[in-house]
1. Can you tell me which residue is surrounded by the most Cβ atoms within 10 Å (Cβ to Cβ) among those in region 105-115 that are in a loop (DSSP other than H, G, I, E, B) and among the aliphatic types (A, V, I, L, M)?
2. Could you grab the pairs with beta carbons closer than 8 Å, sequence gap of 6+ or different chains, first residue in region 669-696 and under 24 Å from Gly303 (Cα atoms) and part of a helix (DSSP H, G or I), second one near the ligand (Cβ under 10 Å from one of its atoms) and aromatic (Phe, Trp, Tyr)?
3. Name the one entry in Phe367, Phe386 that is within 20 Å of the chain's Cα centre (by Cα), touching a residue at least 40 places away in the same chain (Cβ under 8 Å) and more than 16 Å from the ligand (Cβ to nearest atom).
4. Pull up region 506-522, narrow it to residues that are assigned to a helix (DSSP H, G or I) and more than 6 Å from the ligand (Cβ to nearest atom), then point me to the one that is most open to solvent (accessible area, probe 1.4 Å).
5. If I filter region 448-470 for residues that are crowded, with 19+ Cβ neighbours inside 10 Å, of a type outside the set (S, T, N, Q) and part of a helix (DSSP H, G or I), do I get at least one hit?
6. Need pairs with beta-carbon distance below 7 Å; first residue near the ligand (Cβ under 6 Å from one of its atoms) and within region 552-564, second in a helix (DSSP H, G or I) and modelled with pLDDT of 95 or more; sequence gap 6+ or separate chains.
7. One residue is enough: does region 308-319 have a residue meeting the conditions within 26 Å of the chain's Cα centre (by Cα), touching a residue at least 24 places away in the same chain (Cβ under 8 Å) and in a helix (DSSP H, G or I)?
8. If I go through region 737-746 residue by residue, how many of them are touching a helix residue (DSSP H, G or I) at 6+ places or on another chain (Cβ under 9 Å) and either surrounded by fewer than 23 Cβ atoms within 10 Å (Cβ to Cβ) or without any contact (Cβ under 8 Å) to a residue 60 or more places away in the chain (or both)?
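The values are calculated or read from the model by the stated rules, or taken from the named source; none is laboratory data. Because the structure is a prediction, the values reported are computed rather than measured. Methodologically, a virtual Cβ is constructed for each residue, glycine included, from the backbone with ideal geometry; neighbour enumeration extends over all protein chains shown. Accessible surface areas use protein heavy atoms only, side chains included; no ligands, DNA or RNA. Shrake-Rupley method; radii C 1.70, N 1.55, O 1.52, S 1.80 Å.
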Amino acid sequence: MTAVRTPPEATPEIGRDRRRKEDARLITGRTRWTDNITLPGMLHLAMVRSPFSHATITGIDTEAAREAVGVVTVITAADLDDSLGVCINAWPITPEQKAPVHTPIAGDRVSFAGEIVAVVVARSAAEARDAAELVEVDYDELPAVVDLAEAVTDSVLAHPELGTNKSALWAFDSAEAGTGGDVEEAIEAARADGIVIEREFRQQRLIPAFMEPRSTVVDPTGEQITMWSATQIPHVLRFALAATTGVPESKIRVIAPDVGGGFGGKLQQTPEEMLVFALARRLGRPVKYTETRSESLQAAHHGRDQIQRLTLAATRDGRVTGLKVELVANLGAHVALVGGGVPVLGAFMFNAIYKFPAYHFSCQTVFTNTAWTDAYRGAGRPEATFGIERMMDELAAELGVDPFVVREKNWIRHEEFPFTTVSGLQYDSGNYEAATAKAKETFGYDALRAEQAQRRASGDRVQLGIGVSTFTEMCGLAPSRVLGSLDYGAGGWEHAEIRMLATGKVEVITGASAHGQGHETAFSQIVADRLGVPFEDVEVLHGDTQIAAKGLDTYGSRSLVVGGEALVRATDKVIERATPIAAHLLEASVDDIDFAGGRFSVRGTDQGVGIAEVALAAFAAHHLPDGVEPSIDAEATFDPVNFNYPHGTHLCAVEVDTETGRVRLRYYVCCDDIGVVINPLIVSGQVHGGLVQGIAQALWEEAIYDDAGTLVTGSFVDYLLPTAADTISFGVEHTTTPATTNSLGAKGVGEAGTIASTPAVINAVVDALRPLGIRDIVMPATPARVWRAIQDATGAQAGADQ
Ligand code: MCN
């Protein structure tokens with residue numbers, strides 16, 4: 001073996017705009033989505049779903065369906081035994097939490113429209129769907145509770161056997177926790193001499209509306225039962241299937257092939273997955289189920305849906321002295337996988353970037369006869385950010401000052417980090433001043449304020465509104481110990497493996513499970529940099545429990561800061577394992593070996609050897625030092641000690657037509673601080689996507705049920721998912737304050753855009769209309785709502801003038 005004497009040019013990969021490796025196959029359709037999988041002898045499922053939101057099932061006649069062409073069998077709850085299992089509630093937030101038994105298929109009662117009551121198995125999907133229409137179900141309708149405010153009163157019960165709609169009450173109080181003062185005292189003091197602002201905000205219900213509908217194939221014919229599913233969580237799903245059915249984990253393989261988006265909506269163990277698993281086992285044949293778009297909108301889980309009552313106490317010079325938050329959160333018909341705890345994540349974020357001295361949070365979760373709610377991009381944190389950022393604007397308006405004045409007065413200054421907040425989190429790093437200054441400069445804040453003043457003065461029909469929102473979030477879920485203290489049913493570590501192949505190529509195995517985030521690219525960049533190998537030589541494998549045996553998957557903007565750091569640690573171990581072999585090859589002492597740019601060299605000489613050659617030497621194992629294993633592969637599991645806290649300042653300009661109520665986005669600038677950026681191109685994409693989702697909550701999207709509990713927005717004709725034509729170009733800026741909790745210095749970005757954009761837009765709309773006396777617009781701010789608010793306000797003004 002000859003030593004390489006000329007080191008290759010090392011190209012820093014971190015911070016480089018790399019186009020995504022995965023895009024070639026995704027864009028050209030050369031990938032394999034779950035629904036493309038066809039196996040010999042495969043059967044297809046169709047679900048019979050309840051049209052009623054609350055009803056007793058008095059009879060099911062499957063006769064006609066059974067006789068239909070191609071039908072193999074028709075299954076109801078009565079045909080299935082206990083091996084089917086029940087859906088898991090993995091986050092029982094209090095020991096007293098009430099939760100009805102959640103079977104994948106309804107027994108004698110349905111509790112939301114869309115619940116599965118029977119399953120048809122046929123030779124083709126079309127035959128299964130046709131036969132499903134022949135299943136006759138007799139229902140006795142029961143009174144349904146759909147409205148959240150009504151549900152809290154218990155006047156109609158979603159689950160009569162529980163005796164109440166209230167599931168759990170979770171509270172945090174800074175005085176009790178010892179993290180701050182008493183909020184009631186702060187409010188009382190402010191009432192006597194200060195300012196008290198009370199508001200109620202509504203977080204409407206949203207639908208994750210991922211591009212690829214949920215789809216599952218199960219093949220029970222091998223040694224293992226193999227499930228392919230369009231899921232975010234193959235590892236959690238394997239565990240859940242084993243735990244609920246009794247099939248040993250070692251006999252289950254879950255594969256998440258390329259997955260067309262999730263946004264939290266595929267962070268679930270779905271009834272459909274459980275039924276496909278059960279029926280494949282029962283019939284001994286591969287089985288597939290792919291939902292239709294209507295089923296997806298109706299029965300995949302929904303997000304948000306809260307009523308927030310906020311009381312903010314402040315001094316007359318704008319210093320916040322206390323915040324009280326009372327939430328009512330809609331669970332829908334069941335406590336879903338982590339749905340019970342999603343609103344509670346907000347408990348730690350209502351204090352946002354601010355130094356409030358007193359804080360109280362309570363959250364009452366409530367059942368209704370609607371689809372269950374669970375994680376949706378940001379999960380609890382966008383809701384909290386909306387609440388507090390709306391309140392900061394209300395405080396500024398009350399004081400008659402610019403919205404930034406109250407923010408600056410209350411935010412944590414950059415020299416105060418690390419900072420322990422009133423809700424007990426320790427923020428490791430941040431610089432709100434820098435992000436705000438950059439956002440304001442890019443936005444042209446002063447010029448737009450001047451234009452606004454001029455339009456107001458001239459009584460322009462189209463008024464300009466400027467919306468401000470700052471944010472921080474706790475992401476990178478981990479740490480396991482903290483998640484455990486919140487009764488969360490899993491840990492938060494992540495696992496990585498590096499396999500150094502004999503050809504010098506590198507196989508990277510991650511427990512994260514990308515479904516649109518571009519991990520193959522960004523993770524390749526990290527490994528290429530750390531090991532000094534070409535980007536193209538790194539192959540990232542994921543999303544298959546047989547290949548990536550350990551992992552906790554992708555959600556909570558955790559993959560880079562937890563999974564990426566696991567990778568870093570694995571690369572460190574590779575180098576550590578390779579060093580004695582390199583020293584041996586170079587006939588030097590281990591203590592004299594340095595590693596940089598993919599090359600081991602003897603300090604003070606030009607003697608060196610590349611890592612690829614060391615990998616080959618380990619593989620050949622002809623000349624290894626005594627006692628050294630013939631491998632330099634390594635693995636690492638990382639569990640951080642803290643969450644990760646990206647932050648940012650977002651600015652939005654809207655034009656509001658005061659005659660039609662139409663809101664037009666004019667300009668949007670955000671400056672996010674996500675620490676060190678691995679791939680700026682991917683990060684921009686993440687921010688853009690997040691912004692559109694957050695803006696859509698402010699202006700367009702809402703899942704609406706009628707009084708009987710039928711989903712009115714059951715198609716994209718009614719559920720207004722934006723297209724590119726609805727949005728504008730965004731100004732995306734960054735400041736860089738490295739995280740101190742991972743060696744990359746990186747902070748998560750997957751949810752960032754979604755979090756601050758909703759309040760930025762609503763603050764802008766309200767800002768445009770505030771001279772009319774308008775203090776709030778319920779989301780989404782549709783032309784009809786804005787127009788109505790203007791009519792009410794101008795009518796009231798006219799009345800007052802008379
Ligand atoms: N990244 C980076 N530098 C940083 C931070 C992140 O280059 N400082 C890169 C990462 O390497 C990764 C991407 O940005 O490729 C997102 O990273 P991260 O913030 O770790 O988020 P996750 O990968 O854990 O993704 C989860 C997050 C969540 S919670 C939702 S919801 C969401 C999101 O990602 N759903 C998405 N983005 C999505 N993007 C798509 N296309 N589809 C979804 O369903």
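1. Filtering region 105-115 for residues that are in a loop (DSSP other than H, G, I, E, B) and among the aliphatic types (A, V, I, L, M), the one surrounded by the most Cβ atoms within 10 Å (Cβ to Cβ) comes out as Ala113.
2. Gln693/Phe263
3. Phe386
4. Among those that are assigned to a helix (DSSP H, G or I) and more than 6 Å from the ligand (Cβ to nearest atom), it is Glu520.
5. No, every residue in region 448-470 fails to be crowded, with 19+ Cβ neighbours inside 10 Å, of a type outside the set (S, T, N, Q) and part of a helix (DSSP H, G or I).
6. These pairs meet every condition: Ser559/His519; Leu560/Ala522.
7. No, that holds for no residue.
8. Going through region 737-746 one residue at a time, the tally reaches 2.
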